[in-house]
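This report refers to the structure that appears directly beneath it.
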Amino acid sequence: MTIPRRSWRAAGTLAAAAVVGLTGAVLTAGPAAAHTPTWAVTCTEVSLHLTAYNDDVTNQVTVTVDGKDLLPTESFGKGLDKTIALPDHDKALTVRLIVKAGDGDQYSKDDTKTAPVCEGHTSTPTPTPSETKPSETPTTATPTPTDKPSESASSSAPAAATPSPSSPDLAETGSSSATPIIGGAAAAVLLAGGGIMWSVRKRRTAQH
């Protein structure tokens, strides 16, 4: 049986097309399967194992812990292997990995993991600052007098009686410096009176 040449040519064309299609599929799927961002987080460290990246572009990786940079943005090529120690902590930490592939965002990675507290580590409670009250300065209370102050002696003591000019003179009692004069005047009046009486009687007697 003789197979025409045209049939051989057609079969060869189909085989060549199948090979080209398979090659294109492999090349297309290759980069997607090649990017391998592997990483692990323990209570003490973060391990990065980034492989099979495109070496012809610039790739970047960043690691943060609770929003703070643990690994600032670092560029790499085909791959990156690195272990980063975590700070001492007494509570779980949130670790974030950001890988930006230079050949397309579809190959980038943004992932988050939790770093637990290591076993045997005792959590130290955060001391609460106590408010220090200023010492009170003792003050001496001023006693408030309950009783009204007594009236002044001048107002409470009876005022000395002042004799009125119109009131009659009170009789003097006891001795006085004017007593001898008054006595002498009285004696003189008596003597004068006696002399007058004696003269009057004598004249009457002479007339009779």
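Taken together, the residues in the range 63-79 that are part of a strand (DSSP E or B) and open to solvent by 20 Å² or more (accessible area, probe 1.4 Å) amount to 8.
Selection within the range 52-62: residues that are open to solvent by less than 40 Å² (accessible area, probe 1.4 Å) and in a strand (DSSP E or B). The member of this set that is farthest from Asp90 (Cα to Cα) is Asn59. Scanning the range 33-55 for residues that are among the hydroxyl-bearing types (Ser, Thr, Tyr) and touching a residue at least 60 places away in the same chain (Cβ under 8 Å) turns up Thr42, Thr44.
The values are calculated or read from the model by the stated rules, or taken from the named source; none is laboratory data. Since the model is a prediction, treat every value here as computed from it, not as a measurement. Here the Cβ is made from the backbone with ideal geometry for all residues, glycine too, and neighbour counts use every protein chain on show. Note: accessible area is taken over every heavy atom of the protein model, side chains too, but ligands, DNA and RNA are not part of it. Shrake-Rupley method; radii C 1.70, N 1.55, O 1.52, S 1.80 Å.
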